[in-house]
Amino acid sequence: MRFDELARAYERLEATSKRLEMRATLVELIRPIRPPDLAKVLYLSQGMLRPEYEGVELGVADSLARRAIATATGVPEPEVVRRTKASGDLGTTAGELLDAARRGEPERPLSVANVYAELMAVAEAKGPGSQETKVGTLVDLLGRASPIEGKYLVRFVLGTLRVGVREMTILDALSVAFADGSKAARTRIEAAFNLSSDLGLVAGALVEHGVDGLDAIGLEVGRPIRPMLAEREPTLAAVLERMGGTAALEFKYDGLRVQAHVAVDGRVTLFSRRLENISLQFPELLADLPHAVTRRPCIVEGECVPIDLDTGDIQPFQLVSKRRGRKYDLEQAQVDLPVRLFLFDVLLDAGTPTYSRPFPERRAALEALVRPNDHVALAAQRVVTTVEEATAFLDEAISAGGEGVMAKSVKEGSAYRAGARGYWWIKYKRDYTVGLSDSIDGVVVGAFHGRGRRAGKFGAFLLATYDPKRDRFETFTKVGSGFDDAQLAEMPGRLARFATDTPPSGVESGIVPDRWFRPGLVIEVRGAELTVSPIHRAEVGAVRAGAGLALRFPRFTGRFRDDKGPTEATTSHELLEMYRKQVRQEAASDDTAGDDRA
Ligand code: AMP
């Protein structure tokens, strides 16, 4: 196929924004094309050389393209710059200059295959001297391009192709050009795309083997599946009703979605929700995942969250986002900002696709597949049938650092629906728009052994507020963050005189720490917000029966309140007031959350 046919089609596509017209133009363009040109045309039309997940980039900056245009047309670079200021686009300038330079000369047609191979060479040029290679290849291409070809070539390499054909339009066009255009055909084409994330592959199979041939496109390790997406409901009652009375609830972890492919030889590829290859960002997952699965090859999915390895506590999402997109210090980052991947689905198990099985079967397979370690765990899950059970589980999720719950259908048809959003998965979360500005003075009543860097020391402390009415101390949080090494080293000495082997009298706690302390030491903490928790005891029953108040994402501020005795610590009632204030602020700032917990 000649490249100028493609360039002319781009001109027509650019001139319309109507989906139907675009589709018609695309159909006309692709109908006569056969593999292997077809895949190339489809990738090029989306401004890419390969399917997006491969992340192939040209690495051509404006300055490099300007140099290539200047050399190819013999026009000095400042003139190229001046003209671009006027035209607003380097592609247009390239077209104009080629037009002027080439007047009267015969055209030597470029083919799509030619152009594609040269552009691949540009993308593949890496390392020292690569800039020269890129310029040289572009000069060569532009030297042979007609004005309209030059215009689109330049736009393509700069990533400014304004043709605007999206995946869905291409799928439409494929079904008209190479099938009967029916809804059924369109659905099957899209399904093949959702499983393979590769339009070129789908188009090739369709042309060569027809719609039935698409069934042969399955999962492949190293090729991502488009993720299944969730709907939302405003209340847990609505969630349960939608699911027909029974749902598997999971913690909704707040982190990065990761699709992990583990090959037979243990090689791991990680994809983000947008299917970018993010393998290099998380060396600890590359190392630990092969040991965490008992069968290979497999494809599993989970949420990657920052974790405090010493305490096992989930940390705020912001910390994991610091890991994304990092290019340097990756080794240090895994020490400073460790993550844990909470797995919630399995799509390929020992080489056998599982995605079309009902969710309970997939969960059972996942549990049999995964052997948790420091960096890999299973998403917490419970099957519930009542709003009370669901609410209790939500409270657990929030206290554990989750942002809500994810409800999953357990019905017969609950397959993994790649690329689709539907009520088979329903998210229920709260928006944390309002932070907690007040600090809290908590009484240390227990401590937990540290792990990792904190092995042999205390890693976290159980804190209580004081309830003067009942003269007792009620736990509200477990804090491990915010201590520097020196402060941590001080703690045993500060606490020694309060140590006791049995639960101290006057302390109400839903958890048993490794060591108990009589109320004595007061420390200042801050947190993200207050929530209702089944395991803490502050103002138990005030908001809901059986549940106390708890502080999420607590951090030691660094202040020991040596000026305060335990009965001068923050009171449970003050905590309740803070909670109420926060709920009022949330109600004022958020009219859609439909929070049925307060
Ligand atoms: P949202 O990003 O708010 O639309 O919520 C959907 C996202 O929640 C998914 O894409 C996952 O990244 C994330 N998530 C966290 N925990 C789970 C879970 N247990 N199951 C499925 N998705 C989860």
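The values are calculated or read from the model by the stated rules, or taken from the named source; none is laboratory data. Small disclaimer: the values here were computed from a predicted structure and weren't measured. Every residue, glycine among them, receives a Cβ derived from its backbone with ideal geometry; neighbour counts consider all protein chains shown. What goes into the accessible areas is simple: the full protein's heavy atoms, side chains included, and nothing from ligands, DNA or RNA. Shrake-Rupley method; radii C 1.70, N 1.55, O 1.52, S 1.80 Å.
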Inset, instruction - List the residues whose amide H sits under 5 Å from the amide H of D254, counting only those 5 or more places along or on another chain, with H placed 1.01 Å from N in the peptide plane. - result: E403
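Find the relative contact order for the chain and round it to a whole percent, using C-alpha pairs within less than 8 Å whose residues are 6+ positions apart.
Computed value for the chain: 12 percent relative contact order.
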Legend entry - Rotationally averaged projected area of the range 167-216 (alpha carbon convex hull; nm²): 2.8 nm²
Legend entry - Cut-off 16 Å, label 7 Å out along Cα→Cβ of V81, residues of the range 134-165 by amide N: none
Legend entry - Relative contact order %, the range 131-255, counting alpha carbon pairs below 8 Å whose residues are six or more apart: 15 percent
Inset, instruction - Give the Debye-formula value of log10 I(q)/I(0) at each listed q (0.10 Å⁻¹), with one equal scatterer per alpha carbon of the range 229-432, two decimals each. - result: -0.40
Legend entry - Gain in span if fully extended, E28 to H291, counting 0.36 nm per residue against the direct Cα distance: 89.6 nm
Legend entry - Accessible-area ranking of M406, M243, M1, largest first, probe 1.4 Å: M1, M406, M243
Legend entry - D336 accessible area, 1.4 Å probe, all protein chains in place, Å² to nearest 10: 100 Å²
Legend entry - Charge tally in the Cβ shell below 11 Å around G482, where Lys, Arg are +1 and Asp, Glu are -1, G482 excluded: 0
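Where does each of W516, W424 land when they are ordered by accessible area, with a 1.4 Å probe and the largest first?
Result, largest first: W424, W516.
How many times 2.2 N^0.38 Å is the alpha carbon radius of gyration of the range 440-584?
0.97
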Inset, instruction - Would you list, by chain and number, the lysines whose Cα falls below 17 Å from the Cα of K327, excluding same-chain residues fewer than 8 positions away? - result: K126
Inset, instruction - Within the set of other residues whose C-beta is less than 9 Å from the C-beta of V115, count the net charge using Lys and Arg as +1 and Asp and Glu as -1. - result: -1
Legend entry - Phi-based couplings in Hz for the range 568-579 (Karplus 6.51, -1.76, 1.60; Gly and Pro marked x): 9, 5, 4, 8, 4, 5, 4, 4, 4, 4, 5, 4
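All other residues with a Cβ under 11 Å from the Cβ of G210 taken together, and with Lys, Arg as +1 and Asp, Glu as -1, what is their net charge? Don't jump to the answer; show the numbers that get you there.
Working: positive: R188; negative: D180, E208, D212, D215.
Neighbourhood net charge equals -3.
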